[in-house]
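Peer 1: Have a look at this one before I ask anything.
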Amino acid sequence: MRPMTALTLAPALLAALALGACSSDDDGPSGAAGTSELNPDLTPEGPVSSTPGGDTTAIAGLWDATREITVTDGGETRTGDDIAYVQISDDGLWTYHDYAQDVTGDENCYRTVGARTLTPEGGDDYSLAGEEQAWTLSASGDVLTTRLGAEGEVMSWPRAGAEVDLQSFDECTVAPGADPVPGERDPG
């Protein structure tokens, strides 16, 4: 090889080596233990983690996550309130309580999902066991501002008042792995 050819190829070779060193294998495990660094509890086959995820006192409380939705079930379409509450503990547990006698159903009970691990990831980002995207959560006074993923809908959940007593919720029976809220839902 002539010296001029080697000098011409050197920048291309260096660029290829640099790109190779910077690339990552997105098909394989990303964390130290083969888990997602954003959501270490996300495993498609295994059970969703329910161990405390860390200090979440800044967003802890019982939040009214009720919102208007449109439900299509058996060819019938209804719009109304989907009554739900999210309880966040001080130590990183998230529990979702969905009322089943609202626009989504006809049972006088709550379908409870959780507790699930909620892990602080820095700033206002939190990973929730079983979710692929991060939640952005920030509390200001008696309002929790929420967003799932970078492009998710921003929602404001007011703190639930003393009239909401979790102990008085009758829990529905839901088969393991079943959708706690049947029917197709379209946020309104």
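The values are calculated or read from the model by the stated rules, or taken from the named source; none is laboratory data. As the structure is a prediction and not an experimental result, all values here were calculated from the model. Cβ placement follows ideal geometry from the backbone for every residue including glycine, while neighbour counts extend to all protein chains displayed.
Peer 1: Are any residues in the stretch 144-174 surrounded by 13 or more Cβ atoms within 10 Å (Cβ to Cβ), of a type in the set (A, V, I, L, M, F, W, C) and touching a strand residue (DSSP E or B) at 6+ places or on another chain (Cβ under 6 Å), and if so, which ones?
Peer 2: Hits for the stretch 144-174 are Leu144, Leu148, Met155, Trp157, Ala160, Phe169, Cys172, Val174.
Peer 1: Restricting to the stretch 65-86, what's the tally of residues that are surrounded by fewer than 19 Cβ atoms within 10 Å (Cβ to Cβ) and in a strand (DSSP E or B)?
Peer 2: Result for the stretch 65-86: 11.
Peer 1: With the checklist (1) modelled with pLDDT of 80 or more; (2) farther than 22 Å from Ala162 by Cβ in hand, flag the one item Gly105 doesn't pass.
Peer 2: Failed condition: (1).
Peer 1: Hey, another quick one. Got at least one residue in the stretch 79-88 being within 16 Å of Phe169 (Cβ to Cβ), touching a Gly at 6+ places or on another chain (Cβ under 9 Å) and aromatic (Phe, Trp, Tyr)?
Peer 2: no
Peer 1: Within the stretch 88-95, does at least one residue satisfy the condition of being exposed (fewer than 13 other Cβ atoms within 10 Å of the Cβ) and in contact (Cβ under 8 Å) with a residue 12 or more places away in the chain? Write out each step before concluding.
Peer 2: Residues of the stretch 88-95 exposed (fewer than 13 other Cβ atoms within 10 Å of the Cβ): none.
No, the stretch 88-95 has no match at all.
Peer 1: If I filter the stretch 74-84 for residues that are in contact with a His (Cβ under 8 Å, 6 or more places away or on another chain) and modelled with pLDDT of 50 or more, do I get at least one hit? If you could, list the steps in order and put the result at the bottom.
Peer 2: Of the residues in the stretch 74-84, the ones in contact with a His (Cβ under 8 Å, 6 or more places away or on another chain) are 84.
Applying the additional criterion that residues be modelled with pLDDT of 50 or more yields 84.
Within the stretch 74-84, one or more residues are in contact with a His (Cβ under 8 Å, 6 or more places away or on another chain) and modelled with pLDDT of 50 or more.
Peer 1: Tell me which residues, restricted to the stretch 54-102, are charged (D, E, K, R), closer than 18 Å to Ala115 by Cα and out of contact with any Phe, Trp or Tyr (no Cβ under 7 Å at 6 or more places or on another chain).
Peer 2: Residues of the stretch 54-102 charged (D, E, K, R): 55, 64, 67-68, 73, 76, 78, 81-82, 90-91, 98, 102.
The next check asks that each one be closer than 18 Å to Ala115 by Cα; those that pass are 55, 64, 90-91, 98.
Within the stretch 54-102, Asp55, Asp90, Asp91 meet the criteria.
Peer 1: Among (1) loosely packed, with under 15 Cβ neighbours inside 10 Å; (2) at pLDDT 90 or above; (3) not aliphatic (A, V, I, L, M), which single condition is Thr119 missing?
Peer 2: Unmet for Thr119, out of (1) loosely packed, with under 15 Cβ neighbours inside 10 Å; (2) at pLDDT 90 or above; (3) not aliphatic (A, V, I, L, M): (1).
Peer 1: Under the condition of being over 17 Å from Tyr126 (Cα atoms) and among the small types (Gly, Ala, Ser), which residue from the stretch 141-164 is farthest from the chain's Cα centre (by Cα)?
Peer 2: Ala162
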